[in-house]
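Data first, discussion second: the structure below is written as structure tokens.
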Amino acid sequence: MTRLVALIAAASMAAQASAQSLADRIGAVREGTVQLHFRARPGVCANEDGGISWMRTSRDRGDWYMSRPCITGPLVVTLTREANEVSIVRVRVGTRPSAPATLDLGEVSSTDAAHYLATLARHLFGRNADEALTGAVMADDYDVWPDFKQIVFDADLPIRTREQALFWIGQSETPSANLISLYAELTPIQLREHYTFVLSQRRDDESVDKLIDVARHDRDLSVRKQAIFWLGQSRDPKATKFFRDVLTP
């Protein structure tokens, strides 16, 4: 009977834990560190210094392996909490910090972790916001588009955070049509200048066409110049034709 009661109590505690949101569980620590880990996307790789890359093509993987060893495994996130707020975010691949955490949540849902980190990035600055966004975008089975689009359009956030979110949308598997749809509402100029670089990394017909459109019609000269610069780095036949049309009297 005692064993039955213990089993019921354990099941009840497990149910309560699963019912709590990830944010609630992390928020239970007012001061200290919280650690969690979750599945990384296929191709996520770290070097010995902790730098993380996403190897999506065989060419990417070949360039990486020739220059350094590849560390694979789950994404491990350590959150430092002070005064009931997260103050520091650090993301690693496949390795655990040497110091024990105040609370170790173990393995959590990759999509839950990514959504939490994307939301957290909106309350952080500099490197910590960057780390939160990186941890989110590297999480397996996570669609960056809904959360990251909101970050891009949030005028109250630091421009660096918005630029990082825009960059990762461009690097993600979201359709180019989504990326192109952002342009009409992008402000300020600095973000539109960065947008030209993000478009240039796509190298598909839709993105090249949009980059040419920006080069021709953006209302700000500095943005048009940036679009022309990135078109100049392209070997796309459409870019070549654009320059021929512009330079031919």
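Confirm whether T72 is modelled with pLDDT under 95, of a type in the set (S, T, N, Q) and surrounded by fewer than 17 Cβ atoms within 10 Å (Cβ to Cβ). Yes. Would you call D130 in the same structural domain as L79 (by TED's automatic domain parsing), surrounded by fewer than 22 Cβ atoms within 10 Å (Cβ to Cβ) and in contact (Cβ under 8 Å) with a residue 60 or more places away in the chain? For D130, the condition - in the same structural domain as L79 (by TED's automatic domain parsing), surrounded by fewer than 22 Cβ atoms within 10 Å (Cβ to Cβ) and in contact (Cβ under 8 Å) with a residue 60 or more places away in the chain - is not met.
Considering only residues in segment 75-110 that are polar (S, T, N, Q) and out of contact with any strand residue (DSSP E or B) (no Cβ under 6 Å at 6 or more places or on another chain), the one that is surrounded by the fewest Cβ atoms within 10 Å (Cβ to Cβ) turns out to be S98.
Please work out if A113 is in contact (Cβ under 8 Å) with a residue 60 or more places away in the chain, crowded, with 21+ Cβ neighbours inside 10 Å and part of a helix (DSSP H, G or I).
On the way: in contact (Cβ under 8 Å) with a residue 60 or more places away in the chain: yes; crowded, with 21+ Cβ neighbours inside 10 Å: yes; part of a helix (DSSP H, G or I): yes.
Judged against the criteria, A113 is a match.
Residues in segment 92-133 that are β-branched (V, I, T) and under 26 Å from R30 (Cβ atoms): T102, V108, T119.
Being at positive phi and without any contact (Cβ under 8 Å) to a residue 60 or more places away in the chain is the requirement here; does R203 meet it?
Working: at positive phi: yes; without any contact (Cβ under 8 Å) to a residue 60 or more places away in the chain: yes.
Considered against the rule, which asks whether it is at positive phi and without any contact (Cβ under 8 Å) to a residue 60 or more places away in the chain, R203 comes out as yes.
Restricting attention to segment 86-108 and to residues that are of a type in the set (S, T, Y) and at pLDDT below 90, the residue that is farthest from A136 (Cα to Cα) turns out to be S98.
The values are calculated or read from the model by the stated rules, or taken from the named source; none is laboratory data. Keep in mind that this is a model prediction, so the values were computed, not measured. Here the Cβ is made from the backbone with ideal geometry for all residues, glycine too, and neighbour counts use every protein chain on show.
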